[in-house]
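Have a look at the structure below before the remarks.
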Amino acid sequence: MLLLLLFLPALHKLGICDDSSALCGSMEAQASCSQCIKQHPDCAWCRDPHTTEQKRCQIRSAFTSETCNPSYLYSPATEIRIGPHNMPLGSPGSGKSIVQIEPQQVVLRMKPGDSLSVPYKYLHRKPPPGYDVRDFMVQTSEYKKLGVNMEFFVECNGREMETKHCPEIKEGQKLNFKIKITLLECRDGADAAISVGVHGYTTVSALYITPLCGCECEKPSQQEKNSPLCHQHGNLICGQCVCEATRGGDKCECPLATYGVKNAVELEDKCRETPGAPICSGQGLCRCGQCQCNMQTVSGRFCQCDNSSCPVGANGKQCSGNGVCECKSCRCEEGWEYEDCSCTTSRDACMEDGVECSGNGHCKCGKCVCDEGFNGAFCGSADETVTASTPEKEETPEEEPSETSETEEKNEDMVDADPKVDDEKTSPAPETTDATENDYSPEPGTPEEATSASCIIVVSSFATVVALMLV
């Protein structure tokens, strides 16, 4: 877990973890001021001992003057400072040397996860004897073991490139380069010191990095020992009570033995609905293992029931004004149903002459839902497609046998009588949808009518094939 905490800011910079609000509001961040500012550069700690805010660590923008007095808000600022004795490029240095790199000293104050870019200038001069320097190359001392990452950018031939190198430079040529420094993690010890120089030039620029990994208010001189605000059973550190081993609670007001727990963490866990869940669901304060909810609209053992967050009806009212909100769910009054209590169970509005929906539908939420084929407020009107009478099919007078029919019969007899006819030649051709003027095509309505029409088409097609064979 410790290793994960150390690398969280670095993961954020790499795009792996981008939720600063979640990092600043995490359980780890609430442990202390220093743990808070290590989580993310945007985290801030409220040192106000009288705050009612459950989370002392949040993103800075989440605090208001009501939740934390601005004078108690701690969020150390990142900054770049150039050394006081910096000399301009080309000016006389020590002895007979000329200043070839500027600035000569830089101090950075950074929080874990912060990135800062430091601009440099370089003046190329004839190298000392023994050096054959034609290319520009940035050099640094070891920095990776210091929990720091560095990226290099050089303006070479009129273009800025991410590199340490620029070929074929000339005497008197000036180059601009910059180094982007990212503090990945906090390491034990003092400031990090890194040397920055150019190949062939013996003088280097000093880069000092001061990690902002702690809080001034955590220093022993800033702590209030056995503070009255902690019931004299703990020290007030950065506005927060750090209790004796036998006490717990926000103000050390809870003797652990009285509540049957071994430590303050166990006592606090009594205020969590599930392991790792926010204390009192984030909607109350934990007082000796019991939740005290912040608002009258919040209830439940763990303040998990928000009685002001129920479904809103079409009229803009919670539970449509027809129910009571209980733990994010509507309890509807008698005569109403659905999750937002918007549906009446009364059938009065669906009755006409004592009949529900004219017997052609059913009542739903005070309105008739008509059966298929009916419409209207009371389902009293039938659809035109149903009421329109279907015209009876006129009987078709029997037609006298036509010449075509006689020819078809003769052709059939000839086919049956001729054993020499090839099976391939007698195979019926694909069905055609073309109809002759004398073909009878009844309206498709019944299976018998459809079958009759198909038979006429098949016979006609067969006769046509046979006639072609005889030509």
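The values are calculated or read from the model by the stated rules, or taken from the named source; none is laboratory data. These figures come from a predicted structure and were not determined experimentally. Positions of Cβ are generated from backbone atoms using ideal geometry, with glycine treated the same way; all protein chains shown enter the neighbour counts.
Considering only residues that are farther than 30 Å from residue 35 by Cβ, β-branched (Val, Ile, Thr) and crowded, with 18+ Cβ neighbours inside 10 Å, which ones fall in segment 176-205?
Once the filter is applied, which keeps residues that are farther than 30 Å from residue 35 by Cβ, β-branched (Val, Ile, Thr) and crowded, with 18+ Cβ neighbours inside 10 Å, segment 176-205 yields 196, 198.
Out of 207, 236, which single residue is farther than 30 Å from residue 166 by Cβ and either part of a strand (DSSP E or B) or at pLDDT 95 or above (or both)?
Only one candidate passes the filter, namely 236.
Being aliphatic (A, V, I, L, M), within 16 Å of residue 213 (Cα to Cα) and at pLDDT 90 or above narrows it down to one of 59, 37, so name that one.
When all the criteria are applied, what remains is 37.
Just wondering, is there one or more residues in segment 148-166 that are under 30 Å from residue 253 (Cβ atoms) and in contact (Cβ under 8 Å) with a residue 60 or more places away in the chain?
no
Can you tell me how many residues in segment 152-175 are surrounded by 13 or more Cβ atoms within 10 Å (Cβ to Cβ) and polar (S, T, N, Q)?
So the answer is 2.
Of everything in segment 270-280, what is crowded, with 19+ Cβ neighbours inside 10 Å and either in contact with a Ser or Thr (Cβ under 6 Å, 6 or more places away or on another chain) or modelled with pLDDT of 90 or more (or both)? Give them in sequence order.
Selection gives 271, 280.
Among the residues of segment 74-95, is any over 49 Å from the mean Cα position of the chain (by Cα) and within 22 Å of residue 152 (Cβ to Cβ)?
Yes, that holds for at least one residue.
Any idea which of 213, 271, 291 is within 35 Å of the chain's Cα centre (by Cα) and either assigned to a strand (DSSP E or B) or among the aromatic types (Phe, Trp, Tyr) (or both)?
291 is the lone residue from the list that is within 35 Å of the chain's Cα centre (by Cα) and either assigned to a strand (DSSP E or B) or among the aromatic types (Phe, Trp, Tyr) (or both).
Collect the residues in segment 25-83 that are in a loop (DSSP other than H, G, I, E, B), in contact (Cβ under 8 Å) with a residue 60 or more places away in the chain, over 19 Å from residue 187 (Cα atoms) and in contact with a strand residue (DSSP E or B) (Cβ under 7 Å, 6 or more places away or on another chain), keeping them in residue-number order.
Selection gives 47, 49, 54, 56, 83.
Quick one: is residue 176 assigned by TED's automatic domain parsing to the domain that holds residue 103, more than 38 Å from the chain's Cα centre (by Cα) and at pLDDT below 90?
For residue 176, the condition - assigned by TED's automatic domain parsing to the domain that holds residue 103, more than 38 Å from the chain's Cα centre (by Cα) and at pLDDT below 90 - is not met.
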